[in-house]
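Undergrad: Handing you a structure now.
The values are calculated or read from the model by the stated rules, or taken from the named source; none is laboratory data. What you are looking at is a predicted structure, and each value in this text was computed from that prediction instead of being measured. FYI the Cβ positions are ideal-geometry reconstructions off the backbone, even for glycines, and counts take in every protein chain you see. Note: areas computed on protein heavy atoms with side chains; ligands, DNA, RNA excluded. Shrake-Rupley method; radii C 1.70, N 1.55, O 1.52, S 1.80 Å.
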Amino acid sequence: MSHLDDPKQHEALIKDAADSVREKVGDVPKILVVAGSGLGKFGESVEDAKSVSYDELRHFPQSTVVGHAGRLVWGKVGGKPVIVMSGRKHVYEGVDVRETVIPLRALLSLGVETVILSNAAGSVNRLFTPGDLMLINDHINNQFRNPLIGANLDSIGPRFPDMSAPYDPELMELARSTARDLGITLQEGTYLASTGPTYETQAEVQMFRSMTDAVGMSTVPENLVAVHAGARVLGISVITNSLVLKSDVVTTHEEVMETGKLVGEKFCQLVAGIIERL
Ligand code: HPA
């Protein structure tokens, strides 16, 4: 039995997390960017930036993973007020999936309306190469857990949320046109979330090839709670490694981090361009 099984306690926890954000941040911007593995650079690209460590906020679990800063950063991007979660907690770190999304739910309760989720992902689409950016146009929840399982938080959203368009069509179109304007190649496809922390076996890669374009260990739980709360979501994957193109099939965290860093600049440019046009 977890304290999160009691909806009153669950809601109180989200409110307490939100209160701690309000104490440090004041008015929370309506646009949130969640910067994934190796994309900490995005937090550094914020103008007039202020930041606070997750350690100083209540119920913001620090990530134990190298490459995740664990800071909330706010300021301006593309001329607009933006808040950035630089680093996130993953289910493979051994926590209840509901714990991992408390920070996001706190920010949503404080008025965030547009959520831009990013991640590092491995591609199983043969047309993608490491260093590509991929617009997520749909997802598969292969984590076999869902942060909305348990008593529904009726104050936030419905018991059975529709998932026919988990990534906002208008935001996707904006991402495509922004990429075109900026001369950035933007691939597009489905993101499948696994729990990790293991990378895929060769048999899993074969199976996923028929199911999806890219595989990662995050993003889906966040998408689910954001859609539940009525926010609009955009998702962008940085393809850090190909699970199908190389002869040597080993995947390492270092490889994932290194490509993330190399593509960071392009990612920042695209996201800033999207925000400017929002
Ligand atoms: N698999 C799962 N998650 C990932 C990968 C991968 O190949 N690359 C980056 N995150």
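Undergrad: Quick one: net charge of Glu99's neighbours, Cβ under 11 Å, K/R +1, D/E -1?
TA: +1
Undergrad: Given Lys15/Lys80; Lys24/Lys50; Lys41/Lys266; Lys24/Lys76, which pairs have Cα atoms separated by over 19 Å?
TA: The answer is Lys15/Lys80.
Undergrad: Using the per-residue mean of other Cβ atoms lying within 10 Å as a proxy for protection, in what order, highest first, do the peptides 218-227, 41-50 fall?
TA: 218-227, 41-50
Undergrad: Quick check of the Kirkwood formula: for region 211-278, what is the inverse mean of 1/r over all pairs of different Cα atoms, in Å?
TA: 14.3 Å
Undergrad: Using a simple charge model, +1 on the beta-carbon of Lys and Arg, -1 on the beta-carbon of Asp and Glu, nothing else, what dipole does region 18-177 show about its Cα centre, in debye to the nearest 20?
TA: My answer is approximately 200 debye.
Undergrad: For region 1-107, what does the convex hull of the Cα positions come to per residue, in cubic angstrom?
TA: That works out to 90 Å³ per residue.
Undergrad: Related question: I need the Debye-formula profile for the chain: one equal scatterer per C-alpha, no solvent, reported as log10 I(q)/I(0) at q = 0.13 1/Å, two decimals.
TA: Scattering profile of the chain, log10 relative to I(0): -0.81.
Undergrad: If r is the Cβ-Cβ distance from Lys41 to Lys8 and R0 is 35 Å, what FRET efficiency results, to the nearest 0.05?
TA: 0.30
Undergrad: In deg cm²/dmol, rounded to 500, what helix-only [θ] at 222 nm does the chain give when every DSSP H run of at least 4 residues adds -39500 (n - 2.57) and the total is split over its residues?
TA: So the helix-based figure for the chain works out to -10000 deg cm²/dmol.
Undergrad: Hey, how many Å between the Cα centroid of region 17-41 and the Cα centroid of region 115-160?
TA: 19 Å
Undergrad: Related question: List, in order, the whole-Hz ³J(HN,Hα) value for each residue of region 259-271 obtained from phi through the Karplus relation with A = 6.51, B = -1.76, C = 1.60 and θ = phi - 60°; use x for Gly and Pro.
TA: Those phi angles translate into 5, x, 5, 4, 8, x, 4, 4, 4, 4, 4, 5, 5 Hz.
Undergrad: Spin-label point model (7 Å from Cα, Cβ direction): what's the Asn141 to Asp27 distance in nm?
TA: 3.5 nm
Undergrad: For the residue pair Val250 and Ala203, what label-to-label distance in nm results when each label sits 7 Å from Cα along the Cα-to-beta-carbon direction?
TA: Calculated label separation equals 2.3 nm.
Undergrad: Heads up, I need the accessible area for Thr198: 1.4 angstrom probe, whole protein in place, Å², nearest 10.
TA: 100 Å²
Undergrad: Out of every Cα-Cα pair in region 37-163, what percent are more than 20 Å apart?
TA: For region 37-163, the share of Cα pairs beyond 20 Å comes to 54 percent.
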